Structure formats: C-alpha cells, structure tokens
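Have a look at the structure below, then the notes.
The values are calculated or read from the model by the stated rules, or taken from the named source; none is laboratory data. Because the structure is predicted, anything quoted here is derived from the model rather than measured. No Cβ is skipped: glycine too gets one built from the backbone with ideal geometry, and neighbour counts run over all protein chains shown.
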Amino acid sequence: MIKGFLFDLDGVIVDTAVFHFRAWRKVSRKLGGDFTEAQNEQLKGINRVDSLKKIVEWTKAEVDDLQFQALQEQKNQWYLDLVSGLGPNDALPGAINFLRQTHSKGILIALGSASKNAPMVLKKLGITELFGAIIDGNNVINGKPHPEVFLKGANSLGLKPSECLVFEDSIAGVKAAKQAGMASVGIGEAETLQADLHFNSIGETTPEYLLTHF
C-alpha cells in the first residue's frame with residue numbers, strides 16, 4: 001500500500017532546467033567549448049560535481065582541483081541569479097494543486113532532488129510546509145541513479161520503500177527509484193523514461209487515481 005509520494009524537483013514540480021542549461025552553457029564556453037540541449041538532457045538528475053565532470057570531459061579542458069571548485073561556485077551563482085525571480089506562478093501546470101491534494105489526504109510527501117538549491121526553490125514556490133522531508137544534494141553522497149536519495153526520503157518519512165511512489169522526469173531518477181525498490185511515475189516520454197506509469201505533467205492525474213492504480 002502506497003503511503004508516501006517522493007518527488008524530484010526540476011521537471012516535475014517546476015521547470016528550472018532552462019536555468020541550469022544557460023548556466024552550464026556559460027561554464028562550457030568559459031572552458032572553450034559549447035553546450036547543446038542534447039548534452040543538457042544527459043545532466044538531468046545528475047548532481048553538480050558529476051555534471052561538471054561531464055562538461056570538462058566534453059570540452060577536453062584541463063582543470064585542476066581549485067579551478068574545478070571555482071567553476072562549481074560560478075555555475076551555482078549564475079543559476080541563482082536566473083532563479084531569483086521565481087514564484088508560485090512558475091510551478092508546472094497543476095503541480096502545486098496536486099501537492100496540496102496529496103497533503104490534504106494525509107499522504108506523506110518528501111523531496112528527492114540532486115539540487116543543493118532545492119530548499120530555496122520550494123520556499124520561492126511557497127510549498128515548503130507540504131514536505132515532511134527534504135532530501136537534496138546537501139544530504140546525499142551518491143547521486144542518481146544511485147537510490148540513496150529516495151531511500152533516505154523513505155526513511156525520513158518512516159516508510160518502507162515498497163510504501164513509496166516516486167515522481168521523476170529523468171532516466172537516472174527512474175533508475176534510482178527502481179533500485180530503491182519503489183514504483184515510479186514518469187513525467188515525460190514513456191519510451192525514454194520507462195517508468196511504471198507516465199504523464200506529461202502531474203496535473204494530468206490525481207492522488208486518488210494513483211493510490212488505486214498502485
């Protein structure tokens with residue numbers, strides 16, 4: 001029986017992927033390369049360190065440890081500058097309403113995101129109080145597709161993995177859910193994500209339907 005919903009942030013609740021794309025493209029160009037939307041897709045669900053490692057590899061740049069750390073910080077600042085004006089109206093269609101319905105029915109809610117800025121984004125959207133646990137890049141060692149983020153989310157809610165349903169828009173995230181022993185709802189293309197159930201947005205379904213389905 002499903003008792004808790006675990007949500008990824010970017011691409012599920014809010015679309016800040018475009019901000020990540022712009023910030024990473026600046027990093028890539030600083031290293032003498034370019035950065036395509038196809039490459040950006042490969043970074044979905046991946047933490048900042050591993051994302052930067054991929055960009056360094058793609059650009060074939062030589063970067064020492066100090067430069068690597070500085071690039072992480074620069075990328076984060078560019079991202080924060082872009083999301084500074086974020087508000088509730090920037091949530092994806094139906095996302096906040098779905099979260100409020102979930103909360104009102106007593107279903108436990110946790111966030112499982114690679115982003116270290118997740119608490120700030122939730123605050124700007126005005127939905128922090130709906131989450132019983134927030135597990136983000138500050139709380140985990142292993143990034144997706146490792147299941148750590150979702151296992152910690154379940155544990156924080158006091159639930160077994162089999163009692164949790166994960167909402168993800170990335171291949172890495174769906175793999176993490178499967179490795180955690182959790183059912184998954186994919187937000188995006190069914191063929192790409194291969195989750196247990198798929199929608200274009202969480203606004204297309206309801207908590208009641210999902211509890212019945214799973």
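Screening residue 98 against (1) crowded, with 16+ Cβ neighbours inside 10 Å; (2) assigned to a helix (DSSP H, G or I); (3) at pLDDT below 95; (4) not charged (D, E, K, R) leaves a single unmet condition, (3).
Within the stretch 113-132, if we keep just the residues that are farther than 26 Å from residue 72 by Cα and touching a residue at least 24 places away in the same chain (Cβ under 8 Å), the residue that is surrounded by the fewest Cβ atoms within 10 Å (Cβ to Cβ) turns out to be 126. Among helices (runs of 4 or more DSSP H) entirely within the stretch 142-205, having at least 1 residues that are crowded, with 18+ Cβ neighbours inside 10 Å, in contact (Cβ under 8 Å) with a residue 40 or more places away in the chain and polar (S, T, N, Q) singles out 148-157. Going by what's in this entry, would residue 162 be described as in contact with a Lys or Arg (Cβ under 8 Å, 6 or more places away or on another chain) and among the polar types (S, T, N, Q)? In short, no. Taking the conditions (1) under 15 Å from the mean Cα position of the chain (by Cα); (2) assigned to a helix (DSSP H, G or I) in turn, residue 24 satisfies each one other than (1). When residue 106 is tested against (1) outside any helix (DSSP H, G or I); (2) free of Cβ contacts under 8 Å to residues at least 60 places away in the same chain; (3) buried (at least 16 other Cβ atoms within 10 Å of the Cβ), only condition (3) is not met.
Taking the numbered list (1) within 17 Å of the chain's Cα centre (by Cα); (2) buried (at least 16 other Cβ atoms within 10 Å of the Cβ); (3) charged (D, E, K, R) in turn, residue 75 passes all entries but (1).
Quick grid of which residues meet (1) more than 15 Å from residue 7 (Cα to Cα); (2) touching a His at 6+ places or on another chain (Cβ under 8 Å); (3) at pLDDT 95 or above:
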{"residue": "108", "(1), (2), (3)": "no, no, yes"}
{"residue": "120", "(1), (2), (3)": "yes, no, no"}
{"residue": "126", "(1), (2), (3)": "yes, no, yes"}
{"residue": "183", "(1), (2), (3)": "no, no, yes"}
{"residue": "190", "(1), (2), (3)": "yes, yes, no"}
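Picking from residues in the stretch 80-132 that are of a type in the set (S, T, N, Q) and within 16 Å of the chain's Cα centre (by Cα), the one that is farthest from residue 51 (Cα to Cα) is 128. Which one is nearest to the chain's Cα centre (by Cα) among residues in the stretch 41-72 that are buried (at least 17 other Cβ atoms within 10 Å of the Cβ) and part of a loop (DSSP other than H, G, I, E, B)? Per the stated criteria, the residue is 45. Applying the set (1) part of a helix (DSSP H, G or I); (2) in contact with a strand residue (DSSP E or B) (Cβ under 8 Å, 6 or more places away or on another chain) to residue 38 leaves exactly one unmet item: (2). Annotation note: Cβ proximity below 8 Å between a residue of the stretch 23-40 that is over 21 Å from residue 171 (Cα atoms) and a residue that is surrounded by 14 or more Cβ atoms within 10 Å (Cβ to Cβ) and basic (Lys, Arg) (sequence gap 6+ or interchain) occurs for 23/75; 26/75; 27/75; 34/25.
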